[in-house]
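Inspection log for the structure reproduced underneath, given as structure tokens.
Each value in this text was obtained by applying a stated rule to the coordinates, not by laboratory testing. All of these numbers come straight from a predicted model, not from anything done at the bench. Because the Cβ atoms are built from the backbone with ideal geometry, glycine has one as well, and the counts that use them run over all protein chains shown.
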Amino acid sequence: MWQASWNGHSGGYLVLYQGGTEPGKYRSYCTKCGQKNYSSVAETGKRCGVCNEETRVDYIKPPMQIFSFPGRGIDMDEDFEDWSLYELRQRTELVQEFDRLADDIVAEALYIAQNHSVEERTVYMPTTELVLA
């Protein structure tokens, strides 16, 4: 599997990394607040550690997790001499799709820059404090 990653730490260039999916490590979740947990309900009970409700359930199938190999770009040190025509076409289509994605990202960034402005706004967040009365 290949995935596109925006590398914002190195000048903001777009890189197509090698990666894939694998079963995640979460085993249960709370049906009320959505908190995910690494332990099963059978191991630790139904009580959620965040909302304190008895609403945790086990995943029937653990959610999949996306991973990538940073620094291992597509075709890095690749020798195409032994590739079949089918494999070369597949890779060409992948790179063309990635190129279209990059064009779309640039078009969206230009649209935002031309049609929006940055404004400073102070947002007050309500907080709850415990005090002795």
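Some notes on this structure:
- Within segment 49-90, considering residues that are free of Cβ contacts under 8 Å to residues at least 40 places away in the same chain and of a type in the set (S, T, N, Q), the one surrounded by the fewest Cβ atoms within 10 Å (Cβ to Cβ): Ser84
- Looking at Tyr124, Tyr86, just one residue is more than 24 Å from the chain's Cα centre (by Cα) and either under 30 Å from Val15 (Cα atoms) or small (Gly, Ala, Ser) (or both), and that residue is Tyr86.
- Residue in segment 16-48 that is farthest from Ala102 (Cα to Cα), counting only those that are more than 15 Å from the chain's Cα centre (by Cα) and of a type in the set (A, V, I, L, M, F, W, C): Ala42
- Condition broken by Glu22, with the remaining ones in (1) surrounded by 15 or more Cβ atoms within 10 Å (Cβ to Cβ); (2) part of a strand (DSSP E or B) satisfied: (1)
- For segment 89-133, a residue qualifies if it is within 30 Å of Asp75 (Cα to Cα) and hydrophobic (A, V, I, L, M, F, W, C), and the qualifying residues are Leu94, Val95, Phe98, Leu101, Ala102, Ile105, Val106, Ala107, Ala109, Leu110.
- Residue count for segment 91-121 satisfying the condition of being more than 25 Å from the chain's Cα centre (by Cα) and either touching a residue at least 12 places away in the same chain (Cβ under 8 Å) or not in a helix (DSSP H, G or I) (or both): 6.
- Positions within segment 75-94 being within 12 Å of Gln18 (Cβ to Cβ) and in contact with a Phe, Trp or Tyr (Cβ under 7 Å, 6 or more places away or on another chain), in sequence order: Leu94
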